[in-house]
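Below: one structure, written as structure tokens.
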Amino acid sequence: MGARRPFFVTGAHLTQVYVREKELQREVSRQVEDALPGVEVIAVELSGPERFTVFVDHPKGVDHALCQRVTEVLRSYLDRYTVDVSSPGFERPLRTPGHFRSVVGRRVSVRTSHEISGRRRFRGPVLDADEHALSLGAQNGEAILIPYDEVVRGNLIDEGGSR
């Protein structure tokens, strides 16, 4: 069935959602990665005011048993949230410089917290990814530089060839 997609909010509340997601990302990553060696928390996304999804990966893959172990580590959140744990899937979340470096040359979608070149949503190939920003190819052939601290959501675009 897969993870639920984020709920839609606007304006100042949207900023609060992103701030809370970043807080949860730090907390959850620390707890899970300390308790379960080899597990990487790729992203944490709020999908409602009382629900979040944790996207995890592991060198040996993600199965139901691993998702259950992650849920057990996060048991303390269950009194306030419904917690979903999921594999990254084909359209894997991208949040860190390392995530973007690993997909140079592939198409991604990126949403930013503030307008860059008059927009907040971008789609195109990752041209480069350094420690501070990613360079995304735009439709007009120009590159758009997006600092990581502006990235709210980033996902690989499934082009069907990687399966």
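How tilted is helix 64-73 with respect to the longest principal axis of the chain? Cα atoms for both, answer in degrees (0 to 90, nearest 10).
It works out to around 80 degrees.
Which angle from 0 to 90°, rounded to the nearest 10, does the C-alpha axis of helix 11-35 make with the longest principal axis of the chain?
On a 0 to 90 degree scale, this one is about 60.
Using the Cα atoms as the points, what is the convex hull volume per residue of region 40-133 in Å³? Numbers along the way, then the final one.
On the way: hull volume 12.0 nm³, N = 94.
It is 127 Å³ per residue.
Taking H as built 1.01 Å from N, whose amide H comes closer than 5 Å to the amide H of Leu134, not counting residues under 5 places away?
Ile146, Tyr148
So if I take the alpha carbon set of the chain, get Rg, then get Rh from the Kirkwood formula, what is the Rg over Rh ratio?
Using only Cα positions, Rg/Rh for the chain is 0.97.
Within the chain, what percent of beta bridges assigned by DSSP are antiparallel, to the nearest 5?
85
Could you sort Arg95, Arg69, Arg153 by accessible area so the largest value comes first, with the probe set to 1.4 Å?
Arg69, Arg95, Arg153
Once the whole set of protein chains is in place, how much accessible area is left on Arg20, using a 1.4 Å probe, in Å² to the nearest 10?
50
Could you tell me how far the Cα centroid of region 56-80 sits from the Cα centroid of region 103-143, in Å?
Cα centroid of region 103-143 versus Cα centroid of region 56-80: 31 Å apart.
Tell me which residues come under 5 Å, amide H to amide H, from Ile157 once H is placed; ignore anything under 5 positions away on its chain.
For Ile157, the qualifying residues are Arg107, Val108, Ser109.
In deg cm²/dmol, rounded to 500, what helix-only [θ] at 222 nm does the chain give when every DSSP H run of at least 4 residues adds -39500 (n - 2.57) and the total is split over its residues? Mind dumping the intermediate values first?
Working: 3 runs with 40 residues, N = 163.
Helix-only estimate at 222 nm: -8000 deg cm²/dmol.
Would you kindly state how much longer the chain becomes between His132 and Tyr18 on full extension, computed as 0.36 nm times their sequence separation minus their alpha carbon distance, in nm to one decimal?
In short, 39.1 nm is gained.
Which loop-located GluC sites (Glu not before Pro) does region 72-163 contain, where loop means any DSSP state but H, G, I, E or B and the Cβ has at most 15 other Cβ atoms within 10 Å?
Glu91, Glu131, Glu142, Glu159
Just to be sure I understand the model, the point goes 7 Å from the Cα along the line to the Cβ. What's the resulting Arg120 to Arg51 distance in nm?
2.2
Note down the magnitude of the dipole of the chain about its Cα centre, charges +1 on Lys and Arg C-beta and -1 on Asp and Glu C-beta and zero elsewhere, to the nearest 20 debye.
Roughly 400 debye for the chain.
The values are calculated or read from the model by the stated rules, or taken from the named source; none is laboratory data. Because the structure is a prediction, the values reported are computed rather than measured. Please note: Cβ atoms are built from the backbone with ideal geometry, for glycine as well, and neighbour counts cover all protein chains shown. All accessible areas refer to the heavy atoms of the entire protein, side chains included, with ligands and DNA or RNA removed. Shrake-Rupley method; radii C 1.70, N 1.55, O 1.52, S 1.80 Å.
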